[in-house]
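The values are calculated or read from the model by the stated rules, or taken from the named source; none is laboratory data. Computed from a prediction, not measured in an experiment: that's the story for all the values here. Cβ atoms come from the backbone with ideal geometry, glycine included; neighbour counts cover every protein chain shown.
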Amino acid sequence: MLTQTQNLVSIDAIRAASARIAPIAIKTPLLRAAFPGVSGHGTAREIWLKAESLQPIGAFKIRGAANKILQLTAGEIARGVITYSSGNHAQGVAYAAREVGAKAVIVMPSNAPAIKRAATLALGAEIVDVGLASSERLAVAEELVQKHGYVVIPPYDDEQIIAGQGTCGLEIMEELPDVDLVLVPVSGGGLLSGVAAAVKQLSPKTKVFGIEPELAGDTAESFRAGEIVTWPAELTSRTIADGLRTQSVGVRNFAHIQAFVDGIITVTEAEIRAAMRAIVAATRLVPEPSGAVSTAALLFHDHQLPEYRKAVAVVSGGNVDPLLLAQVLTESTL
């Protein structure tokens, strides 16, 4: 549980993070998307996609990593940084560490996509391979901290990480202040907790939903139960959405989710793949599976969503293996 000193991230902290990370992370555009039967011609609805796939590392993770690393002291930078990640946070940490001249060590699961592994290495990071469980990644990272004195850059359960990810929500509200509904992918909860904190503090009436794969639905179960539920790695690793395979939501993240999020919806693997095709067709954005789950909820779970006129789906990343993308784009539709 959170202690009294671990408060929810304020809108002022998110605004400060936005100014801090401006030299590293870009303000990504909102792209209007017309999906037949859901938005566009013949409907009163507008759907906008928040294109985090256009960040320098191809994913939102650069926001939180930059906010954390840019606040390190000179002594901490000299010690180097470490994190545990399946790919996108790894790239965010490697990129931000390179900007400040710090060594970056990444503890990465053996099933991380090759494209994300290669990109992390290209940014100058050192990779330590472990098994599939996120708990194993954390344990190995802690061992290396004890041995080498690295500074840990957590992937999601950290106030500075949450504030950094919250800048995505701040930008949504600045560009589309009358948005009714915001949908955000969720795994460890960094993006959802940050975006929800920003949106709800600026517009309490706007609904915020987290979206995750049915095959890795630990956050949905946690939300229903009112307490954090952990799923084993052999279950969460089944989903095509490799960035959403975390076994449980973070403690700080769950506190924000309970305070600011209106619901969690799960989507199927077929719906994720169909959403990838729809995003490419409508906007020419390249989404990775994890980045397509929020759009999948809009396309296939309208019955679980509140009424809306303007909705934003966060496309959290675009680091998809080219062979997988080709397979998804050429298979039969849902």
State the number of residues belonging to the range 187-228 that are closer than 15 Å to K50 by Cα and either touching a strand residue (DSSP E or B) at 6+ places or on another chain (Cβ under 7 Å) or assigned to a loop (DSSP other than H, G, I, E, B) (or both). 9
Kindly list, by first and then second residue, each pair from a residue in the range 224-236 that is surrounded by 12 or more Cβ atoms within 10 Å (Cβ to Cβ) to a residue that is assigned to a loop (DSSP other than H, G, I, E, B) and charged (D, E, K, R), limited to pairs with Cβ atoms under 6 Å and residues at least 6 apart or on different chains. T236/R245
Sort out which residues of the range 229-248 are among the hydrophobic types (A, V, I, L, M, F, W, C), in contact with a strand residue (DSSP E or B) (Cβ under 9 Å, 6 or more places away or on another chain) and either part of a loop (DSSP other than H, G, I, E, B) or modelled with pLDDT of 95 or more (or both), and write them in order of number. I240, A241
What are the residues in the range 197-217 that are under 18 Å from A292 (Cα atoms) and touching a residue at least 60 places away in the same chain (Cβ under 8 Å), if any? F209, I211, E212, P213
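Looking at the range 284-307 only, could you name the residues that are farther than 18 Å from V184 by Cβ and in a helix (DSSP H, G or I)?
In the first step, residues of the range 284-307 are kept if they are farther than 18 Å from V184 by Cβ; the result is 284, 286, 303, 307.
The answer is H303, and nothing else.
Out of N111, N88, I need the residue that is at pLDDT below 95, of a type outside the set (D, E) and in contact with a Ser or Thr (Cβ under 7 Å, 6 or more places away or on another chain). Which one?
Numbers: N88 fails: in contact with a Ser or Thr (Cβ under 7 Å, 6 or more places away or on another chain).
Result of the check over N111, N88: N111.
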Report yes if some residue within the range 309-320 is in contact with a strand residue (DSSP E or B) (Cβ under 9 Å, 6 or more places away or on another chain), among the polar types (S, T, N, Q) and surrounded by 23 or more Cβ atoms within 10 Å (Cβ to Cβ); otherwise report no. yes
Evaluation of P36 against (1) buried (at least 24 other Cβ atoms within 10 Å of the Cβ); (2) at pLDDT below 95 (one fails), failing number: (1)
Go through (1) touching a residue at least 12 places away in the same chain (Cβ under 8 Å); (2) under 22 Å from A216 (Cα atoms); (3) surrounded by fewer than 24 Cβ atoms within 10 Å (Cβ to Cβ) one by one and return the number of the condition H303 breaks. (1)
Among (1) out of contact with any strand residue (DSSP E or B) (no Cβ under 6 Å at 6 or more places or on another chain); (2) over 11 Å from G188 (Cβ atoms); (3) at pLDDT 95 or above; (4) surrounded by 23 or more Cβ atoms within 10 Å (Cβ to Cβ), there is one condition V261 misses while meeting the rest; what is its number? (1)
Residue by residue through the range 5-15, note down the ones that are surrounded by fewer than 17 Cβ atoms within 10 Å (Cβ to Cβ) and within 20 Å of the chain's Cα centre (by Cα). S10, R15
Which of the following residues is over 25 Å from V105 (Cβ atoms), in contact (Cβ under 8 Å) with a residue 40 or more places away in the chain and within 15 Å of the chain's Cα centre (by Cα): G189, G194, G169, G164? G169
Mind checking which residues of the range 169-186 are touching a Phe, Trp or Tyr at 6+ places or on another chain (Cβ under 9 Å) and either assigned to a helix (DSSP H, G or I) or modelled with pLDDT under 95 (or both)? I172, E175
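Residues K68, K103, K27: which one is modelled with pLDDT of 95 or more and under 30 Å from A282 (Cα atoms)? Reasoning before the result, please.
On the way: K68 fails: under 30 Å from A282 (Cα atoms); K103 fails: under 30 Å from A282 (Cα atoms).
Every option except K27 fails the conditions.
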Please return the ranges of helices (runs of 4 or more DSSP H) entirely within the range 56-144 where 2 or more residues are surrounded by 24 or more Cβ atoms within 10 Å (Cβ to Cβ) and of a type in the set (A, V, I, L, M). 62-69, 88-100
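What about D157, is it at pLDDT 95 or above, assigned to a loop (DSSP other than H, G, I, E, B) and either in contact with a Pro (Cβ under 8 Å, 6 or more places away or on another chain) or under 22 Å from L305 (Cα atoms) (or both)?
Working: at pLDDT 95 or above: yes; assigned to a loop (DSSP other than H, G, I, E, B): yes; either in contact with a Pro (Cβ under 8 Å, 6 or more places away or on another chain) or under 22 Å from L305 (Cα atoms) (or both): no.
Criteria not met by D157.
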